[in-house]
Each structure stands twice: as structure tokens, then as C-alpha cells.
Amino acid sequence: MAQAWRCKGLRWSADGPELAWDGGRRSALTWGKRVAFGVAEGGGRTCVGARGHACPARAAVSGRSTGARCEDCARLDRAHSVAADTIADDPRPYHVYLAWFGPGMTKVGITALERGSARLLEQGAVCFSWLGAGPLMAARRTEELLRAALRVPDRIPYADKRAVRSGLPASAAERAAEVEDLHARAVALDAWPESLVREPCQPVDHTGVFGLADLPGAVGEVTELVAGGAVSGRLVAAAGPDLHVETGGGVVVVDTRLMTGWELLPTAGDGELTVPVREFRAREATMQDGLF
């Protein structure tokens, strides 16, 4: 039997997307590259652990879970998390940003300055701009100010992001328009924390980085991996954790977070798809458009 590999998910580097594997191996992903993997018959998905530690119980987890953690490890993972608001004394400076995923879908968020734009790539932001920089609590207060005063959300569901990727405006100027408008309204607000330094609007476009130009509409998305199932095809785009893979039945979105916790094997199939897929409705397919 071929050697099995445990996937640690999609990572974004300066050179583009790559899959990370236990043991430190990385597999660069390029457009047109063949993606082919499967799960052995009788295989199961186990918890990936938390904060760099293996799950002591090697607990089984649902194939549909994007976190791939048991309850105990999920609790531990969020026990010291900025995203979960469980720490308030992080001394690092933070950026406040505006991220655009498609028409009518702009969110506000924060990320540590030292991470640069990595967080925006991980979320699949098509266009973004920094709004300001300062201490963690000042960044959090600014985030809340925008939610309350301008009704800007701090989350956009991945299903909504996927539904518009193949129908985005053609020009960078059009894609930046909502970010520029919201940035202007945001910096005009009163009650900004004094310790947060406002930054000029300088939109950054990820369309080329993600391979979204002329992206074919997707016919559906993989909902989970299963024992004995396989995915193979040609990679046409990647955004956030998602791979857009052209299979024999059309382009399918593979959320690489569903790959973690499984022992994956290489397969010889071409365009094969033998895992559960949720077909997109007609409206989603029109708007729509995650190997080695």
C-alpha cells in the first residue's frame, strides 16, 4: 500500500498556496496542477489536537467538521485565542482591516501586524485595505465601532464567498470601490480610540494571487471525505482554504479544512469524484464560479 499522509491544511506563503503535511513536508499548488487523493477503505478521521499537541484520546471526529477537533481539544485551542476574545493582554500591535469578498460583502477584522496580509489570504479576501493600527484593545474597540455605527459585519460565511467568485467585477477599480467607500465613512466617525493610528486607503487585490480571473462556475462543493472516497482533477484556483478543482463532472470546491485528520493516499484517477458533494442551486451556479 502507498504511504499515507496526514494533511495539516492549506498554507499561504510568499510563493502562493501550498498544502502542509505532518513531518514538515509542503506541496506547492499551481494552476493546472493535478490534484489527486483518497481515503483508504476502513479509514477514519481523528482529532488533530490543539496548540501543537496531539489529542491524547485520538478521538474520532465528524467528517463534516472544519475544525477536526474533539470537544476537549477545541476548548483548549480557544482557551488562549485573540479570535475568541479570551485574551486582552497581548502586547503586540494590531492592524484593523476592511476585507471585500464580493458585491455587498465587506467585513471588518483585526490581525497582528507581524502577520502582514497572511490573515487576508487565509480568509479568501479578494480585496482589502488597512484601516488603522494600534494596541489590541484599541483595535477591538474600532472593530466594534464599525459594527455598531456602520453595520459592518465581522464575519462572512464561506458559502457566500464561494457563491460569487466566478462572477466578480472585471476591473480592480470596481473590486476596490466598496472598500474605498467604507474606508472613507469609517475614518470620518467620531469616537475612534486615541491609540489607534488611522491609515490611508490603499486597496490590495488578490484576484491574480487566487487565480480568479475567468474562473469557471462551480457545480458544487465537497461536504466531507469518507473511507474509500477519492478526489482528483485539475486545480483551477485557490482562495482562503478552498481549492477549485476541475473534475469529470465540472468544477468542485474542496475546503481543505475537511482534509485534516484523515490519512490520505495518492490515487491514479483522473477527474474522479467519489465523495459526498452538495450541488449548488441554479442561482449559486450562475454566481459561482480545495492536490499535491
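Would you rank LYS8, LYS33 by solvent-accessible area, highest first, keeping every protein chain in place and using a 1.4 Å probe?
From most exposed to least exposed: LYS8, LYS33.
Note down the nm distance, to one decimal, between modelled labels 7 Å out along Cα→Cβ at ARG92 and at ALA188.
Here the answer is 3.4 nm between the modelled labels.
Over segment 43-202, what is the relative contact order in percent, taking alpha-carbon pairs closer than 8 angstrom and at least six residues apart?
Result for segment 43-202 is 21 percent.
Taking Cα centroids, how far is segment 1-26 from segment 124-139 in Å?
28 Å
Would you kindly enumerate the cysteines in the chain that have no other Cys beta-carbon under 4.7 Å from their beta-carbon?
When partners are defined as cysteine Cβ atoms under 4.7 Å apart, the chain leaves CYS7, CYS73, CYS127, CYS201 without one.
Out of PRO200, ALA184, THR247, whose Cα points farthest toward the positive end of the dipole of the chain (charges: +1 Lys, Arg; -1 Asp, Glu; placed on Cβ)?
Most positive-ward Cα: THR247.
For the chain, what does -39500 (n - 2.57) per DSSP helix run (n ≥ 4), summed and divided by total residues, give at 222 nm, in deg cm²/dmol to the nearest 500?
Helices in the chain give a 222 nm mean residue ellipticity of -5500 deg cm²/dmol.
Counting pairs of Cα atoms in segment 1-139, how many percent are more than 27 Å apart?
37 percent
Arrange the residues TYR94, TYR158 by how much accessible surface each exposes, largest first, with a 1.4 angstrom probe.
TYR158, TYR94
Provide ARG234, ARG281 ordered by accessible surface of protein heavy atoms (probe 1.4 Å), highest first.
Final ranking, largest accessible area leading: ARG281, ARG234.
Rounding to the nearest 20 debye, state how big the charge dipole of the chain is about its Cα centre with +1 on each Lys and Arg Cβ and -1 on each Asp and Glu Cβ.
Result for the chain is approximately 440 debye, rounded to the nearest 20.
Provide the gained length on full extension for the span SER195 to ALA54, in nm with one decimal, where the gain is 0.36 nm per separating residue minus the Cα-Cα distance.
In short, 46.8 nm is gained.
Dipole magnitude of segment 7-87 about its Cα centre, charges +1 at Lys/Arg Cβ and -1 at Asp/Glu Cβ only, in debye to the nearest 20?
160 debye
The values are calculated or read from the model by the stated rules, or taken from the named source; none is laboratory data. Note that this is a predicted model, so its numbers are computed, not measured. Cβ atoms come from the backbone with ideal geometry, glycine included; neighbour counts cover every protein chain shown. Heavy atoms of the whole protein, side chains included, go into the accessibility calculation; ligands, DNA and RNA do not. Shrake-Rupley method; radii C 1.70, N 1.55, O 1.52, S 1.80 Å.
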